[in-house]
Amino acid sequence: MYKTFTQNDLIRFLYNEMTSEESILLREALLNDSDLCDTYYELKLSMNLLDSEPLLLTPSNFSLANIKSYARGFSSKPSKYIDRIDLVLN
């Protein structure tokens, strides 16, 4: 039986989320399909890169200014009616 595997199937395989029968079929398909094998190695490399080092992304000054500007537009005050804080647009 021949089954077509997708990238989602490859990701499930990488994270050990397949049944043993599906894993066997996928391993056979990897041996016979070079395009599928290439996609598998690309996904595996991406997975290893994500797991290897923490991402060193920092927000830009422009993004921080936009977030702070948006936050300044709101203030909070105790509610007279219930035990939660109402947000009030300034």
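Nothing in this text is a laboratory measurement; each read-out follows from the coordinates by a stated rule. Here the structure is a predicted model, which is why all the values come from computation and not from measurement. Every residue, glycine as well, gets a Cβ built from its backbone with ideal geometry; the counts of neighbours run over all protein chains shown.
For region 7-52, take the alpha-carbon Rg, divide it by the Kirkwood Rh, and send me Rg/Rh.
0.97
May I ask you to list the chymotrypsin sites (Phe, Trp or Tyr not before Pro) in region 1-52 that are in a DSSP loop and have at most 12 other Cβ atoms within 10 Å of their Cβ?
Listed in order of number, the matching sites are TYR2, TYR15.
Among MET18, MET47, which comes first, then next, by fewest other beta-carbon atoms within 10 Å?
MET47, MET18
Among LEU45, THR19, SER34, whose Cα projects farthest towards the positive end of the dipole of region 7-52, with charges put on the beta-carbon of Lys, Arg (+1) and Asp, Glu (-1)?
LEU45
Using the basic label-point model (7 angstrom from Cα toward the beta carbon), what is the ILE67 to ASN16 distance in nanometres?
In this crude spin-label approximation the distance works out to 3.5 nm.
To make sure I understand, if each residue's beta carbon is the centre and we count other beta carbons within 10 Å, what order do SER69, SER23 fall in, fewest to most?
The order, fewest Cβ neighbours first, is SER69, SER23.
Quick one: order LEU50, LEU30 by neighbouring beta-carbon count within 10 Å, fewest to most.
LEU50, LEU30
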